[in-house]
1. Once the Cα gyration tensor of the stretch A:1-134 is found, what semi-axes does its equivalent ellipsoid get, as square roots of 5 times the eigenvalues, in whole Å, sorted largest first?
2. Measure nothing but the geometry: give the 0 to 90° angle between the long axis through the Cα atoms of A:127-136 and the longest principal axis through the Cα atoms of chain A, rounded to 10°.
3. Count, for each residue of B:6-16, the Cβ atoms from other chains sitting within 10 Å of its Cβ, then give me the mean as a whole number.
4. Mind listing the long-range amide H neighbours of residue B:55? Cut-off is under 5 Å, sequence gap 5 or more, other chains count too, H placed in the peptide plane at 1.01 Å from N.
5. Expressed as a whole number of Å, what is the distance separating the alpha-carbon centroids of the stretch A:105-135 and the stretch B:161-212?
6. May I ask you to list the lysines whose Cα is less than 23 Å away from that of residue A:137, ignoring any residue fewer than eight positions away on the same chain?
7. Roughly how compact is the stretch A:1-76, stated as its Cα Rg over 2.2 N^0.38 Å to two decimals?
8. Which cross-chain or sequence-distant (5 or more) residues have an amide H under 5 Å from the amide H of residue B:70, H modelled 1.01 Å from N in plane?
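Any read-out appearing in this document is the output of simple, stated calculations on the displayed coordinates, not a laboratory observation. Note that this is a predicted model, so its numbers are computed, not measured. For neighbour counting, all protein chains shown are included, and Cβ atoms are generated from backbone atoms with ideal geometry for every residue, glycine included.
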Amino acid sequence: MSGYMESYRGQVLMRECDLLGHMNIQYYGSRISLAMCNMFHVIGLDPDDLKNGKRGLAVVHQDSRYVAELHAGDIIHMQSAVVGSSDKTVTIDHRLYNSVDDGLVFTSRMTSAYMDLESRKAIPLSDAIRQKVAELKIDGENAA
Amino acid sequence: MNKVLPLYRGAVEAWECDQMRHMNVQFYMSKASDAFAHLQNRLGLSPAFIRSTRKGLRFRSIRTQYKAEVHVGTPLYGLGGVRDVAGDLITGFIHIFNSVNDRLSAVYEFTADYADFDTDTSLPLPDEIRVAAEELADPHPDCLRLKPFDGALMPDRPLNHMFESARGSVDVWECDQFNHIEMRHIVGYFSDAATHIINAVGLTREIIRSRNLGSAALDYYSEFHAPIRKSTAILLKSGLIGADGKIFRFGHNLIDMDTGKLAVTTTVIGCYFDMTTRKSVPLPEEFTSYPKEKLLKEQM
């Protein structure tokens, strides 16, 4: 899909599976967390800023859809794209696939606020991030 | 056909960083294990196939070289491939890169065989897997190939002057779907041993902190002799092979206490570094003054 890029690639561990015999929902979130680290880099959020506690993106809204089960040992990858933005936020769409057949297993659209990590308040996107987001942004409605 | 395969993508989580403020070796291993699962799929060993047959590839040996430390939040990606198929043994590699600067962070070179996960027996490589591996096999001259391990390797037998450096039992949550310990947790034992090694040479955490020192693994070579299963009682014995200049060498024997078998032998090369400059420094004198008669190299 145009505008989407690989943001995560890994596998499902046995300890991530619950009594229903499939990956528990909390671990879908862990994959998004890893994917977001890659998307931070893509949109120009410097890891040093994150590490030094200056700036970060924090999720303020999330819509998720669980499409198919995952089992222990399944190999998976995520594709992500920038689908929206505002003065203080960036919206990223994540799509998790079973890597064996590229079958869609999970989608999540997340809006994150750009934060000053000292004041703990949302602040306007930096010019550099705003420009990068504008370059990467795809039609969010069609990506839904 | 592109024979260098995209096998991993992720990042360094905060809880994967240790007191040295960099990603701990066991989490490099967990990322390499993820990559290995994707490589198996490219050879025709899909997760569903592995689950249904309860057979798949397992590591026989792993050489790991840590090239550059990575810190919390760093995005990573992994590439890998097959270098050779000889007999029933596949030789391959996995490289973990820092996505920010494309710098190589760790190199895994491994041999793997096809095994029955219930009986733990090595099996002939199935024809279709062999064909797939041979099609992917390539010398990969553009992908770093490590020089042979520098120095003697730990023999797969007990040596004198090895001391207990870790002890535990294999928990359910440390195991894969075949009740084998995940590779990450094996490396975790070696990581845990590091503090005991510091004590064994006469150092304490307080001394290390007061000197602003950190320690880092540079090179690992592990051979896997026997499986380690759920609930197994584990003993790790370690010993100083040698210490000279900036480099120390340690040997580990991971023992399955239920069977008494030596499960894993590992040889480690490491160094100390200044926690501020992140540069290597001469070894603490406690290492270089360690009694020579206790060095394992005298028996190797």
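1. 29, 16, 12
2. With both axes taken from Cα atoms, the answer is about 40 degrees.
3. Taking the mean over all residues of the peptide, I get 5.
4. B:117
5. 39
6. A:88
7. 1.29
8. B:23
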